[in-house]
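Below: one structure in C-alpha cells.
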Amino acid sequence: MDPVLPGEVENAAALELVRWWAEIDPAAAIRFAASRPEVHGRSTLSAELWGVWHDRAGRKALAWLDALEPGVVRAQILPTVVSRLAATLPQEALRLAGELSGEPRHSALAALFAAWSAVNPPLAIEHALGLADARERTLTLRQALGGWLERDLDAAVAWARRLPPSPGPDSLDVLPPVTAVLVEKWAARAPADAATFVLKSSDGAGRSRLLRTVAEQWAAADSTAALAFATVAANAADRAVLVRGVVGAVVQSSPPAAAALALTLPADDVGRQALGLVIDHWVAREPAGLATWATSLLATPRANEAIASVVTAWAGADLAAAGQWLNGLPAGDQRDAGCAALVIALAPRQPALAAEWAGRIANPRLRPPPIDASRR
C-alpha cells in the first residue's frame, strides 16, 4: 500500500481499504491504522474504526478493548471509548479515563460528564467532586452542573438548596466548588435569583467572590438592572462588593458608561469608591479620554455635583491632571464647584495647596470654610 504522497493530507484509497478491512477483521485493521499513520494520513482512524465496531457489535468491541495491552493502540482509541460509554456506562468510562493524561484526559472528561449529566446529574456531580485534581473537579462540575442548569434550572437549584451549609470563615475550603459553579452558571441565566441565593447564604468564606461573579455577569447583560439591585442590598459590605463588581465589569469595556453609572449612586462611601475605581482605570489607560468626558459634564443637569464628584476622585488618582483640567475651565459656578471639591479633598493632607485653590473660587457661596495653611 503506497504511503501518503507529498502534498496530500490523506490517502483516500488507503482509507477506503482499511475501512473495508475493518468490516472483516476490525482488531487487525485498528492495529494497522494505529501503527501506520503514514500510509493513510488520518490520525483518528483507529478510534473511528473502533467506534464503528462498537456500534455494530458493542460487546465484542468492549471485550477486545478489555484484553488490549497498554500502548499506542489503546492510547489512541481510549478517548473515543470514554465518549461512547459516557451515557450508558459512565462509571466504566470514568475508570478508563484514568488511563489518559494531559489534554486527551481533559477532553475525555469534559465529554463524559456532559453526557453523564444528561442521564443522572446528581451522580455525575458526586463523581466530579471525587476527582483528586482541582482543575479536573472544576472542569467536570462545569459540565455536569452547567448542563443540568441549562436543561432544568429549577431542579438543579432545588438540589443545590438541599446541600449542607457552606464551610465557615475558618475553613480551608474557601469556595465550595459546587456553589461556585452553580452561581456562575445560574447568574448567566437568572442573575437576580442567583444574587438572592448568595445573599441569603451564610457569611462563609468565598461569599464576596460569589457576589462579584453575579455582579460581573449581570453587568454584561444589563448593567442598569444590576446596579439597581446592588444599591438596595441590605448589608453594607455586600452592597459595596456588588456595586464594585458591576462598575468594575462595565469599565473594562466602556469607562464613560461606567462613570455614568457611578454618578447615579448616592454620594456615600460606596458611591465614592465606585467612581474612584472608574477614574483610576481611566487615568491608567486613557487620561485624555477622561478629560474629554469630564468636560462633557458641563452641559448636563446637576453639572456642579457631577464635576465635584469627579474632581474628588480624579485628585486621588492624578492630582496634577485634575488641577490642569480645572484651570482650563471657563470661570463660573461649575469651575468653582470643582475647585471647592478639590479644596475639601486636599485640606487634610495638603492644607497650603488647599488654601491656594480656595483662593481661586469666585463665588463665596461655593467656597469651603477657611483653610489653616499652617497645619501640616
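Would you check which residues across the range 140-152 are out of contact with any helix residue (DSSP H, G or I) (no Cβ under 6 Å at 6 or more places or on another chain) and either in a loop (DSSP other than H, G, I, E, B) or not basic (Lys, Arg) (or both) and list them? I'd like the intermediate steps shown before the answer.
Of the residues in the range 140-152, the ones out of contact with any helix residue (DSSP H, G or I) (no Cβ under 6 Å at 6 or more places or on another chain) are 150-152.
Residues satisfying the conditions are 150, 152.
With under 41 Å from the mean Cα position of the chain (by Cα) and farther than 26 Å from residue 131 by Cβ as the only criterion, which of 78, 45, 85 stands out?
Values: 78 fails: farther than 26 Å from residue 131 by Cβ; 85 fails: farther than 26 Å from residue 131 by Cβ.
Going through 78, 45, 85 in turn, the sole match is 45.
Would you mind finding the one in 311, 278, 283, 343 that is farther than 25 Å from residue 254 by Cα and of a type in the set (Val, Ile, Thr)?
Numbers: 311 fails: farther than 25 Å from residue 254 by Cα; 278 fails: farther than 25 Å from residue 254 by Cα; 283 fails: farther than 25 Å from residue 254 by Cα.
Going through 311, 278, 283, 343 in turn, just one is farther than 25 Å from residue 254 by Cα and of a type in the set (Val, Ile, Thr): 343.
Which condition number in (1) under 21 Å from residue 305 (Cβ atoms); (2) modelled with pLDDT of 95 or more; (3) polar (S, T, N, Q) is the one that residue 223 fails?
Here residue 223 clears every test but (1).
Is it the case that the range 313-334 has a residue that's under 18 Å from residue 279 (Cβ atoms), free of Cβ contacts under 8 Å to residues at least 12 places away in the same chain and not in a helix (DSSP H, G or I)?
yes
Report those helices (runs of 4 or more DSSP H) wholly inside the range 16-105 carrying at least 3 residues which are at pLDDT 90 or above and outside the structural domain of residue 124 (by TED's automatic domain parsing). Write out each step before concluding.
Working: elements: 26-35, 37-40, 45-56, 58-67, 72-85, 90-97.
Those helices (runs of 4 or more DSSP H) span 26-35, 45-56, 58-67, 72-85, 90-97.
Got at least one residue in the range 110-121 being in a helix (DSSP H, G or I), within 30 Å of residue 152 (Cα to Cα) and β-branched (Val, Ile, Thr)?
Checking the range 110-121: at least one residue is in a helix (DSSP H, G or I), within 30 Å of residue 152 (Cα to Cα) and β-branched (Val, Ile, Thr).
Another one. Evaluate the range 13-24: report whether one residue or more is under 18 Å from residue 99 (Cβ atoms) and surrounded by 14 or more Cβ atoms within 10 Å (Cβ to Cβ).
Checked against the condition, which is being under 18 Å from residue 99 (Cβ atoms) and surrounded by 14 or more Cβ atoms within 10 Å (Cβ to Cβ), the range 13-24 yields no hits at all.
So residue 247 fits all but one of (1) at positive phi; (2) modelled with pLDDT of 95 or more; what number is the exception?
That leaves (1) as the condition not met.
While we're here: Could you list all residues from the range 224-257 that are buried (at least 19 other Cβ atoms within 10 Å of the Cβ), free of Cβ contacts under 8 Å to residues at least 24 places away in the same chain and within 25 Å of residue 289 (Cβ to Cβ)?
The answer is none; no residue qualifies.
The values are calculated or read from the model by the stated rules, or taken from the named source; none is laboratory data. From a predicted model like this one, the values you see are computed outputs, not experimental measurements. Quick reminder, even Gly has a Cβ in these numbers, built from the backbone with ideal geometry, and neighbours come from all protein chains shown.
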